[in-house]
1. Chymotrypsin sites (Phe, Trp or Tyr not before Pro), restricted to segment 329-379: which are DSSP loop and have at most 14 other Cβ atoms within 10 Å?
2. Evaluate Rg over Rh across segment 302-346, taking Cα atoms for both radii and Kirkwood's formula for Rh.
3. As a test of understanding, state the convex hull volume per residue of segment 264-304 from its alpha carbons, in Å³.
4. Starting from the residue with the highest accessible area, list Asp102, Asp416, Asp231 in decreasing order, probe 1.4 Å.
5. Amide H to amide H, which residues 5 or more places from Asn61 or on other chains are under 5 Å from it, using H placed in the peptide plane?
6. As a test, work out the antiparallel percent of DSSP beta bridges whose residues both lie in segment 268-367, rounded to the nearest 5.
7. Heavy atoms only, 1.4 Å probe, whole protein assembly: order His454, His273 by accessible area, highest first.
8. Using the reciprocal of the averaged 1/r over all distinct C-alpha pairs, how large is the Kirkwood radius of segment 331-412 in Å?
Amino acid sequence: MAASINGVGGVGFGGLTCSTKTALPSSRSSSFRVQMSVPVEDKKRNYTLQKSQEAFNAALNLMPGGVNSPVRAFKSVGGQPIFMDSVKGSHMWDIDGNEYIDYVGSWGPAIIGHADDEVLEALAETMKKGTSFGSPCLLESVLAEMVISAVPSIEMVRFVNSGTEACMGVLRLARTFTGREKIIKFEGCYHGHADPFLVKAGSGVATLGLPDSPGVPKATTSGTLTAPYNDIAAVESLFNSNKGEIAAIILEPAVGNSGFITPKPDFLEAIHHLTKENGALLIFDEVMTGFRLSYGGAQEYFGITPDLTTLGKVIGGGLPVGAYGGGREIMEMVAPAGPMYQAGTLSGNPLAMTAGIQTLKRLKAPGTYEYLDRITGELVQGILNAGKKTGHAICGGHIRGMFGFFFTEGPVQNFDDAKKSDAAKFVRFYQGMLREGVYFAPSQLEAGFTSLAHSPEDIQKTVAAAENVLSKI
């Protein structure tokens, strides 16, 4: 099955100025007006976040904590969050006119760069036909075929709207297929905010200092068993003490939510063997690593094929998307083919499918992952060298377009190791890098991301900025 997506001549957004005027609750008896758009051409100016401060103060009265996802609140790095106005390629501009080299990439999706012209043109063409159909469309099958042909474990796929939703669905599917309820997850691995996963989760939960979330019933997490990442003996012990009860192991094959942590040699192979030996399923949460470590994801990169896989981020090209997939026998348990119910109003919507198709086409080009590996390696090695040159304990690493570093001698092999990193030093480094025009994730417990749009000049500027900042903190 095939479908063509033709681009249009171009999409222009210049000259658009947006402002917000909202009446605050009567108890505050005040109003605000924040100018949202700034000329992208204003490159050089004194670093100020005045407009971001005004916008955040207003947002605090409108949304819990002023944000719609906790890590954006800058709780672990101090100051107020930065309100962005526009993005292009590897750069971002905030509403105060500050320009940044971006290593967050919208938390992973922007692997070919922000606001890619080909993606925008394809989206404009698709939007002429509508933004959501609520019925099947050809684009779903096109992207499904691309995913199935790329990811070793996937013979059938179900599209959803977020990584959290994908992990919820895959957990229910694993329990349905095995007839068991218990799962094993790893400390510091984040699989979205569904109740069963909020046990020793990393990422935003750890950033806020919340070991778990209130409002999660004990019964919901009673079947969730945890082990330290990279600890085979701990996993063996859990299987031995829960014989015939464990439905699945779910893990990030390379961790991105405790900072960036890679598996020890043979760790994934040993986990794979244990699941087969005990009649459990192996689930790779590749929401971050999918199509980022290689075109076939971490499972292709490491040579380990799980039973089920979750995806997100990259496969939507910057639009909301998620997916889970696996072997045909397992996936045919999903409704309407089978008894396991899961549904979604906007699942497979034409805009996300279009952006995903265009993104995967670009990623399949020769040299893509070699380029990501080269620039990311130069970035990480440059930062590590700068840290050592200026007398700091620092360690880190990368795989293709995903990276991380910690202010500790290391090695960092699990969540407990990651927590030994000097958090106070990271705050000083982070704030210094913002002033240098470099935007990293506002938490040391988050991986960083590069893109095909990052240039050698971006990397050189970032390394020079890092050395400057590290020499002063």
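1. On the way: sites: Tyr341, Tyr369, Tyr371; in loops: Tyr341.
Passing both the DSSP loop test and the Cβ count: Tyr341.
2. 1.03
3. Numbers: hull volume 2.6 nm³, N = 41.
Looking at segment 264-304, the number lands at 65 Å³ per residue.
4. My answer, sorted largest first, is Asp416, Asp231, Asp102.
5. For Asn61, whose amide H was placed from the backbone, there are no distant partners under 5 Å.
6. 55
7. His273, His454
8. Averaging 1/r across every pair of different Cα atoms and inverting gives 16.6 Å.
The values are calculated or read from the model by the stated rules, or taken from the named source; none is laboratory data. A quick note: this is a predicted structure, and the numbers were derived from the prediction, not measured. Cβ coordinates were reconstructed from backbone atoms using ideal geometry, including for glycine residues, and neighbour counts include every protein chain displayed. When the accessible area is computed, the model is the full protein with side chains, heavy atoms only, and any ligands, DNA or RNA have been set aside. Shrake-Rupley method; radii C 1.70, N 1.55, O 1.52, S 1.80 Å.
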